[in-house]
1. Working only within region 196-220, note down all residues that are within 13 Å of the ligand (Cβ to nearest atom) and in contact with a Lys or Arg (Cβ under 9 Å, 6 or more places away or on another chain).
2. Which residue pairs have Cβ atoms under 7 Å apart, sit 6 or more places apart or on different chains, and have a first residue in region 220-239 that is acidic (D, E) and a second that is open to solvent by 10 Å² or more (accessible area, probe 1.4 Å) and more than 10 Å from the ligand (Cβ to nearest atom)?
3. Please give the number of the condition S285 fails out of (1) of a type outside the set (A, V, I, L, M); (2) assigned to a helix (DSSP H, G or I); (3) farther than 30 Å from D90 by Cα.
4. Among the residues in region 272-281, are any more than 27 Å from D119 (Cβ to Cβ) and of a type outside the set (K, R)?
5. Among the residues of region 203-219, which ones are in contact with a helix residue (DSSP H, G or I) (Cβ under 8 Å, 6 or more places away or on another chain) and within 19 Å of R167 (Cα to Cα)?
6. Considering each of S158, S183, S113, S126 in turn, give the residue that is without any contact (Cβ under 8 Å) to a residue 24 or more places away in the chain and among the polar types (S, T, N, Q).
7. Of all residues being of a type in the set (G, A, S) and under 13 Å from the mean Cα position of the chain (by Cα) in region 256-300, which is nearest to the ligand (Cβ to nearest atom)? Just the residue, please.
8. It is to be established whether one or more residues within region 135-158 are among the acidic types (D, E), in a helix (DSSP H, G or I) and over 11 Å from the mean Cα position of the chain (by Cα).
Amino acid sequence: MSAKVIDGKAFAAKVRGQVAEHVTRLKDEHGITPGLAVVLVGEDPASQVYVRSKGKMTLEVGMKSVEHKLDANTSEADLLALIDQLNNDDTIHGILVQLPLPKHLNEDLVINSIDPSKDVDGFHISNVGLLGTGQKSMVPCTPLGCLMMLRDHHGSLSGLNAVVVGRSNIVGKPMSQLLLGDSCTVTIAHSRTKDLPDVVRGADIVVAAVGRPEMVPGDWIKPGATVIDVGINRIDAPEKGEGKTRLVGDCHYESCAEVAGAITPVPGGVGPMTIACLLANTVTSCCRANGLDEPEGLTA
Ligand code: NDP
C-alpha cells in the first residue's frame, strides 16, 4: 500500500476542537450559546443512532442541543408548525430535520420551510441556489467535509481534474459545485456515464458517492490521485462469524490504496467529518445571525 491515509476521524476531532474554541469565544465575549435543534420523525433505527450522536457531539463542543422526537404518524401541519416555532426561536441557530421522512410527509416542502439561514444541512432550495451561483450559503455537511480534507491535503485545488461519481442533491451535485468553486475541472459521472473507468482514470481527485460496495477498483485510479470515498455500505462478513457484517466504501480500498496518492478509509474517513461540519455550520449560522465574523477555515 502506498497511499497516504487521510484520517477523517482525527481531522473531524480537530474541526470539533476549532468549533469548541469558537463556541467558548461566543459565550465569553458575546454571551451567546449556539443552539442546534434536530427533528426526528419516526423510529428508523439508523436515524435514531445518527440523532443520538449528533446530540452528544453538539453538547461536547459546548453548544445547546435540542431534540424533537415525533411520532411516525405526525401530520405535515404539526411538523411545519414545529419548524416555524424553531425558525422563530432566537436561541436556535441550526435546524436539522433527519431524513428520510416517513412517506406521507413531503420532504421538499418540509426542508424548504426551514429558515434558510438556519438550514445547517444546506438542503433548502435557497442555499442550493446560492451555492450554485458562488454566493455565501449553508453548504451541505458531507461535501463540505470532503472539501476540507482535499484542501488540507492539496493546498490549492486549482486546475486539478476532479471526477465526482454520483449526482445526488445531498452529495454529488454540491460536491461538484464546491470543487468548481475551487477551480477544479469537474466531471460529474452517474449511472448513464459511458466508459466510467476511463473517465475516472483521468481524475486527479476522485469522489465516489454511489452507494455500491467497492464499485471502484484500483485499476480505475490514476497513479497518485486522491480518492475520497463517501460510500457507506454494509456487507456480509462471514470471516467475522455467522451473520456478521462490515462497512465498506464505494471504492475497493486495498487495490485503490496501492495506486492512489491519498485515500480516505471507510469507516473513519468522510463519515466523521459530516457531523463535525454540521457543528461548524451551526457556529457559522450563529455568527452570521449576530453580525459577527465567521469562523475561519470552517466554511467553504
Ligand atoms: P444516491 O442513491 O442518492 O445517489 C447515488 C448516485 O450514484 C446517483 O447519482 C446514481 O446515478 C449513481 N450511480 C448509481 N449506480 C451507479 C453506477 N453503476 N455507476 C455510476 N454511478 C452510479 O446516494 P447518495 O448520494 O445519497 O449517497 C451515496 C453514498 O454515500 C451512499 O453509500 C451513502 O450511504 C453515502 N453517504 C455517506 C455520507 C457520509 O456521511 N459519509 C452522507 C451521505 C451519503 P443516477 O443519478 O444516474 O441514478
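The values are calculated or read from the model by the stated rules, or taken from the named source; none is laboratory data. Fair warning: this is a prediction, and the values are worked out from it, not measured in the lab. Cβ placement follows ideal geometry from the backbone for every residue including glycine, while neighbour counts extend to all protein chains displayed. Accessible surface areas use protein heavy atoms only, side chains included; no ligands, DNA or RNA. Shrake-Rupley method; radii C 1.70, N 1.55, O 1.52, S 1.80 Å.
1. V200, V206, A209, P213, W220
2. Close Cβ pairs satisfying both conditions: D236/T245.
3. Among (1) of a type outside the set (A, V, I, L, M); (2) assigned to a helix (DSSP H, G or I); (3) farther than 30 Å from D90 by Cα, S285 violates only (3).
4. Checking region 272-281: not a single residue is more than 27 Å from D119 (Cβ to Cβ) and of a type outside the set (K, R).
5. Listed by number, the residues that qualify are I205, V206, V207, A209, E214, V216.
6. S126
7. G271
8. Within region 135-158 (the criterion being among the acidic types (D, E), in a helix (DSSP H, G or I) and over 11 Å from the mean Cα position of the chain (by Cα)), the answer is yes, since at least one residue qualifies.
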